[in-house]
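The structure appears below as structure tokens.
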Amino acid sequence: MQSFPLRAGKALIDASRTFAREDRATSWFHVTTTLAALCASAALAALAPWWPLRVVGALFEALLLLRTFTLYHDHMHGALLRDSRIGAVLLRSAGILMLAPPGVWGDSHNTHHANTARPGTAPIGTYSLWSVTRWRGASWRQRALYRLERSPLTMLLGYLTVFLGAMCVLPFIKHPRRYASSGLALLIHLALSVTIAWAWGPGVYVTTVLMPFSIACGIGSYLFYAQHNAPGIELRGGGAWSHDDAALHGSTHLTTGPLMRWFTGNIGLHHVHHLNARIPFYRLSEAMAALPELHHPIVTRLTLRDVVACLRVALWEQTANRLVTFGELRRPQD
């Protein structure tokens, strides 16, 4: 079998553009069926006559919130229903309801894509990742805040810390005009929560809002983290940084079973997404299969062992160009 040299840089990005074309009918199928399933699961969580069924509805609602978020995420990249006014209204409204308002999400996520795996950049749209040198020169307070940001507890409470806090409350307080949609998202969410609890009781509020959002935001917060914080991740500084290298060596392929791939909208193929964010989620697997340059990513899984491994890496060691744990630092220099 004839082999060809692997492409890099512009040649690889150009090759990926073949897959950055959506099929409008396919896009609408995924959007309508996902939103219908989300509404049905919310109805089950609210109206089922037996409380275990309500819990089942809440779990499905949480997973469908993850999938809806992926559709919204693709739309904001221009990969899904880019020129559709109806699609924009539906998906941007979903973004507000899911506490990821378009203003702050668009700004932070675009900055994140432009600086993935680039050391020393501001942690906008992602988790902070310090170098060992910066850690050694930081005060105890700075170290404590850094640990807190990357703590599993912060991710577990992502509903409060990442979505309500970092995407709604803080942006609106700092820039109320620029991020008016963050204030709107916060207002709508609080109004819906109070209305549901008052009209149908606290039990319905728990199964339709508190439980689904806590689960979805907790999983989503970890996915944000594991996509760029895993053993094997490499950073590049200065002129050594390139878009394609950051995608291949600074992003992971989080592998899951087919059911979780569906609920997460293939977002685990994150190295492919970072190579070309205009590829619709339903074509990411096709792109990976067709481009041999994408066949050897940094792999992580949703197993306990891999989750712990991802959570343990904490700092970038410049000389070895790898992520290290706090335990690997030389204690006399801590």
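The values are calculated or read from the model by the stated rules, or taken from the named source; none is laboratory data. No experiment lies behind these values; they were computed from the predicted model shown. Backbone-built Cβ (ideal geometry, glycine too); neighbour counts: all protein chains shown.
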Of all residues in region 67-95 being part of a helix (DSSP H, G or I), crowded, with 22+ Cβ neighbours inside 10 Å and of a type in the set (A, V, I, L, M, F, W, C), which is farthest from the chain's Cα centre (by Cα)?
LEU91
May I ask you to verify whether LEU129 is on the phi < 0 side of the Ramachandran plot, surrounded by 20 or more Cβ atoms within 10 Å (Cβ to Cβ), at pLDDT 95 or above and not charged (D, E, K, R)?
no
Could you check region 255-332 for helices (runs of 4 or more DSSP H) lying wholly inside it with 3 or more residues that are among the β-branched types (Val, Ile, Thr)?
none
From the set of residues in region 169-181 that are out of contact with any Pro (no Cβ under 7 Å at 6 or more places or on another chain) and under 19 Å from HIS109 (Cβ atoms), which is surrounded by the fewest Cβ atoms within 10 Å (Cβ to Cβ)?
LYS174
Which ones in region 96-118 are part of a helix (DSSP H, G or I), touching a Gly at 6+ places or on another chain (Cβ under 8 Å) and crowded, with 22+ Cβ neighbours inside 10 Å?
TRP105
Residue, farthest from ALA45 (Cα to Cα), within region 161-196, restricted to residues that are among the aliphatic types (A, V, I, L, M) and without any contact (Cβ under 8 Å) to a residue 12 or more places away in the chain:
ILE173
Can you spot a residue in region 48-63 that is assigned to a helix (DSSP H, G or I), within 16 Å of the chain's Cα centre (by Cα) and closer than 23 Å to PRO171 by Cα?
no
Could you figure out which of (1) without any contact (Cβ under 8 Å) to a residue 12 or more places away in the chain; (2) touching a Gly at 6+ places or on another chain (Cβ under 6 Å) isn't true of THR70?
(1)
Taking the residues in region 223-268 that are of a type in the set (Ser, Thr, Tyr) and surrounded by fewer than 20 Cβ atoms within 10 Å (Cβ to Cβ) as candidates, determine which candidate is farthest from LEU63 (Cα to Cα).
SER242
So which pairs qualify, if the first residue must be in region 98-112 and over 16 Å from ALA79 (Cβ atoms) and hydroxyl-bearing (Ser, Thr, Tyr), the second must be outside any helix (DSSP H, G or I) and modelled with pLDDT under 90, the Cβ gap must be under 7 Å, and the two must be at least 6 apart or on different chains?
SER108/ILE124; SER108/GLY125; THR111/ILE124; THR111/GLY125
Pairs only if they're at least six apart or on different chains, beta carbon under 7 angstrom, first in region 46-67 and under 10 Å from THR207 (Cβ atoms), second of a type in the set (Lys, Arg) and at pLDDT 95 or above; list them, first residue then second.
ALA48/ARG54
Number of the condition not met by PRO176 [criteria: (1) within 25 Å of GLY95 (Cα to Cα); (2) assigned to a helix (DSSP H, G or I)]
(2)
Could you identify the single residue in SER251, SER242, SER221 that is among the polar types (S, T, N, Q) and either on the phi > 0 side of the Ramachandran plot or more than 18 Å from the chain's Cα centre (by Cα) (or both)?
SER242
